[in-house]
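Every read-out reported here was derived from the displayed coordinates using simple, explicitly stated rules and does not represent laboratory data. The structure displayed is predicted, hence computed values, not measured ones. With ideal geometry, Cβ positions are generated from the backbone for all residues, glycine too; neighbour counts draw on all protein chains shown.
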Amino acid sequence: MTTLSADREIEHLMTLHPKGFDLSLDRVTRLLERLGNPQDRLPPVIHIAGTNGKGSCAAFSRALLEAAGHLVHVHTSPHLVHWHERYRLAAEGGGKLVDDEVFAEAIARVAEANQGQEITVFEILTAVTFILFSEHPAEAAIIEVGLGGRFDATNVIKRPAVSVIMPISMDHEAYLGDRVELIAAEKAGIMKRGCPVVIGAQESDTALQVLIETAERLDCPTVVYGQDFLAFEENGRMVYQDEDGLMDLPLPRLPGRHQYANAAAAIAAVKAAGFEIGHRAAERAMTHVAWPARMQKLTQGKLVDLAPKGADIWLDGGHNPGAGIVIAEALAEQEEKNPRPLVLISGMINTKDQTGYFSAFKGLARHVYTVPVTNSDAGVPNDELALRAEEAGLSAEPVSSVASALMLLRDSWDGPAPRILIGGSLYFAGAVLAENGTPPT
């Protein structure tokens, strides 16, 4: 894979600064002051936090705004193959990933302004977001929180057009707390006094209560999924409903029933941010939305060529029990429409509840091949991951790579072509896209 100049700049930063997160805003605030506070010169911001569904909400929000003819910047994290994926800059006809030269120059400028002071790479890269988004014209900026909310480096935005809180479940407990209400309180930290808030579908009543109470305390105009807006399937269409009425829309291009709620949150967010979305734009958004490694169907590439003939191959980077449940539900839906034996090829990292993730697939998956995640220091050894899958009641065996798993399947498979889910980690999903030769664009 070609090393890009921005990648080299970031690799250099990695050698200078500590890995990981430091949940405080002091250093990024100091750095942004040296850069002239670019975060105060952004177009209207849709700021998105949550455990699951943040990226999908960002993708739907972008699709909605672009379908309505708006110029939109998008910041998401993490990336899958190249760092550039985190920065999509507004362009006529649809945003484009940041140009390597522009990206490298912005990184160098931010690093110089930091003057070698202690900081994390994520904080530097967040400052790069604000530099890029303030210097290139756009009518909206969609910014996804990296971790948590209250102390995330993106949370220096003083007056977002809307703060969105997507579904909250247990994740990153070491940083955010070991109870769902503590995690909800951290995510609620992106709400700003008097600024609109959209609360997406919440599986936990406790989390929902924390979010609503925080919004009320800050006098935020608030709309809540299931109370003020919702989406449901009817006659093979998705119906979105809020106080303005109904929109009868095509089913979202992103598969799985959970995407109805994600799409609904995006529609509510874009409207709360002050943008009008007509029926035609909403229809186009549902059929054009794209979000790599989230129930992404792989139809071509080097790895696909190794699979059993006619196999139905899906890639998803979901990595916690909440994500496991929605992925399993999406696959169960596929099974109802078109029955096939399901095989998992899984790689995970050691900060996640692996057994909890696998439990969602009990009774659905016929077998699990576990593989190492080679592009993360936190990858779980494949033999250990197989034990976690067996603890969840699944048949599992460790293999050396995704390619090995696909070739084993191809050489031993007898019967109808299988459905294959490759996933368990965004790091892993990114490595799969790179090896398959199909990186995000």
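Odds and ends about this structure:
- Restricting the range 271-351 to trypsin sites (Lys or Arg not before Pro) that sit in a DSSP loop and have at most 16 other Cβ atoms within 10 Å of their own Cβ leaves LYS302, LYS309.
- Total charge dipole magnitude, the chain, about the Cα centre, Cβ charges on Lys, Arg, Asp, Glu only, Debye to nearest 20: 460 debye
- Exposure proxy shown here: for THR206, THR76, THR370, the number of other Cβ atoms within 10 Å sets the order, fewest to most, as THR206, THR76, THR370.
- Between SER5 and GLU384, the contour length at 0.36 nm per residue exceeds the Cα-Cα span by 132.7 nm.
- Inter-label distance for GLU243 and GLN117, nm, one decimal - labels placed 7 Å from Cα along Cα-to-Cβ: 4.4 nm
- Sequence of VAL210, VAL223, VAL74, VAL304 once ranked by neighbouring C-beta atoms within 10 Å, starting from the fewest: VAL304, VAL223, VAL210, VAL74
- The chain: radius of gyration and largest Cα-Cα distance (Dmax), Å: 21.2, 64
- Residues PHE122, PHE151, PHE428, ranked from the fewest to the most other C-beta atoms within 10 Å, line up as PHE151, PHE122, PHE428.
- Cα-based Rg of the range 132-271 normalised by 2.2 N^0.38 Å, two decimals: 1.09
- Classification of the range 222-340 by its C-alpha gyration tensor yields a prolate form. The axis ratio a/c (a ≥ b ≥ c) is 1.5 or more, and a/b outweighs b/c.
- ³J(HN,Hα), Karplus 6.51/-1.76/1.60, whole Hz, each residue of the range 361-371, x for Gly, Pro: 9, 4, x, 10, 8, 7, 7, 10, 9, 9, 10
- Extension gain from ARG109 to VAL304, taking 0.36 nm per residue of separation minus the Cα-Cα distance: 66.1 nm
- The range 147-163 and the range 82-104: distance between their alpha carbon centers, rounded to Å: 22 Å
- When both the range 268-303 and the range 349-421 are represented by their alpha-carbon centers, they are found 29 Å apart.
- The loop-placed GluC sites (Glu not before Pro) in the range 107-141, going by DSSP, that have at most 13 neighbouring Cβ atoms within 10 Å of their Cβ come out as GLU118.
- Put simply, the Cα atoms of the range 257-309 extend 48, 20, 16 Å along their principal axes, the longest span coming first.
- Ellipsoid fit via the Cα gyration tensor, the range 296-436: semi-axes of 20, 17, 14 Å, each the root of five times an eigenvalue, largest first.
- MRE, 222 nm, helices only [DSSP H, n ≥ 4, -39500 (n - 2.57), over the chain, to nearest 500]: -12000 deg cm²/dmol
- Taken over the range 282-370, the percentage of Cα pairs per 5 Å bin, counting from 0 up to the bin with the maximum distance, is 3, 11, 21, 25, 19, 13, 6, 2, 0.
- Inter-label distance, nm, simple model (7 Å from Cα along the C-beta direction), THR287/ASP411: 4.5 nm
- When only alpha carbons of the range 75-137 are considered, Rg and Dmax amount to 11.9, 40 Å.
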